[in-house]
Structure formats: structure tokens, C-alpha cells
Amino acid sequence: MFDEPAEDPSERLLGPESRAKEKADELRLHAELAAVFEGGRKFDAQIVPGLDGDRARDIQRGMGKLEKAKLPDTPVIGEPAMPQARDLLDFHKAHDLSTNDYHVHRRPGETMIVRWLEGEQVESYYERLQAHMDAALEGFREDERQALEWKSDDATKAYLDALDKVQVKMAERYLRDFIRQHRLFVLSIQTADELNISYLTDHLMSVPASQVVGARSAPPDGAEESDLAWFYKLFLLRGMVEGVEKMCFFCFLQKTDDSFDFDE
């Protein structure tokens, strides 16, 4: 005899296909996170501190305006805001900032990270994004088979079958063909009330947290959960500018505790 793993009540309420799709969506978010922040490990991207605060806030305000300018129930930017999307994708050129690298502006308890990709860099991003998704999905399938295959109920079998049939084409999710064919501008957004900052920096970026958020804001040795929790919002802007495919990633991070004066 052995104890059966605790069952999530929400899983009993979802059909097999919906349950499998929900798991795939969770993996997709992790694949995006990894592809955005692995540049230092895979593509020699540098962390470049000292991004001018006014420029960082201009990008932040611009992303906020584009968020409001999306067409209803889609990530597509409405036509009136398309020039602003184009300007943000070309911001690096106007201000002599490198592509591929992570440009960082930080204050105690708050960090903004901006990264631009263009041309072949975009192609490499999509390749890595799909690779992350495929690996995560196959790994999850294998874990679920090992954990659940011994069950003989119809619901479990249907769920495993549905999971085997899930296919996620990340370029399709990003509307890549539509962007290139119809010159659309598209903005996707990820938000987390609490993201483990060490997962982002140590695991995905392979650098100490102090290199990203600064020594004062970095978790101390023997950090507790509250020391690691940061609010996280990531904007993923894509589009074509003068025939070149471009991306701009803007990440806003803010420590979730109240131990910092954010107006310093």
C-alpha cells in the first residue's frame, strides 16, 4: 500500500483536454521567460547597467500606452498607436543602445531591464523559444506518465492521451507570420505578483542577483522567502520596422516588501 498524491480539486473540474491545455499554457510561460533571459548564457549578451532613468521611464510609459492601445481581446496594437510601437522598437537606434544586451536601470528595490533583438537575433530567439517549449512539454509528459499511468480510471487515461496530442507552435502563438505579412505590431504581457529573483538571475541569467538589481537590493545570504519575492511585469513587443523584424522586451521588477524608499 502507498499513499496517493494529493489531488488538486480544480483538476477534477476540468475536462481532460482543458486540463492538458492549462498545463501546456503554464509551460509556455516558463519557456518565454527562459528564452527572454538566457541571452548571457547562449548568445553572449551583456548586462549593461546605467541606462538613463529618463529613457527607462520613457520606455515604461510607452509600453503602458501600447497596453491600453491593444485591440479588444487581442495582443494586436491598434493603428493609431502603431507609430509609437515602431518608435519603441527603434528606440535603441535613436539612442545608440546595443541590441541583444540587457540594458538596466535600477534604484533601491526597483529595476527596469530592456532588451532589443533584430533580424537574425529574432530568428535565434524563436528557435530557442520553441526548443524550451518542446523540452518542457516532453519532460512534463514523461513525469505525468510515471506518476499516473498506474491508474486505470478513464479520466486519467483521457488526460494522458490529451497531453500526448498537445502541440504548441510558439511562432504561431506570437503571431509571427501575421506580423511579417501584414506589418502588425503585437504586444504580449506577463505579470507575477511574486517572482523568485534568484530564479530569474541565478538560474536563467546565470549571474548573481546583485549584478541585475544592485548590491543593496540583492537577497542576503540565507535569504528567506520574503527576501526573494519581487513583483514582475514583462512586456514583449514585436513588429517590422523598415522591413526588419524586431523585438523589444521591457521588464519591470519591484521588491514586494516595504523596506525601501522607492523615491530615492
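The values are calculated or read from the model by the stated rules, or taken from the named source; none is laboratory data. As the structure is a prediction and not an experimental result, all values here were calculated from the model. We place every Cβ from the backbone using ideal geometry, glycine too, and count neighbours over all the protein chains shown.
Worth pointing out:
- Every pair of residues 6+ apart whose Cβ atoms lie under 6 Å, when the first sits in the range 169-190 and is among the aromatic types (Phe, Trp, Tyr) and surrounded by 15 or more Cβ atoms within 10 Å (Cβ to Cβ) while the second is at pLDDT 95 or above and assigned to a helix (DSSP H, G or I): Phe185/Met82; Phe185/Ala85
- Here Leu200, Leu228 are screened, and the one residue that is within 19 Å of Glu32 (Cβ to Cβ) and touching a residue at least 24 places away in the same chain (Cβ under 8 Å) is Leu200.
- Selection within the range 100-122 - in a loop (DSSP other than H, G, I, E, B) and on the phi < 0 side of the Ramachandran plot: Asp101, Pro108
- Scanning the range 28-60 for residues that are among the charged types (D, E, K, R), over 19 Å from Arg238 (Cβ atoms) and assigned to a helix (DSSP H, G or I) returns Arg41, Lys42, Asp54, Arg55, Arg57, Asp58.
- Selection status of Lys93, modelled with pLDDT under 95 and basic (Lys, Arg): no
- Top-ranked residue of the range 89-126 - restricted to ones that are among the polar types (S, T, N, Q) and either closer than 17 Å to Asp52 by Cα or touching a Cys at 6+ places or on another chain (Cβ under 7 Å) (or both), ranked as surrounded by the fewest Cβ atoms within 10 Å (Cβ to Cβ): Ser98
- Exactly one residue out of Phe231, Phe235 is among the hydrophobic types (A, V, I, L, M, F, W, C), touching a strand residue (DSSP E or B) at 6+ places or on another chain (Cβ under 6 Å) and surrounded by 16 or more Cβ atoms within 10 Å (Cβ to Cβ), and it is Phe235.
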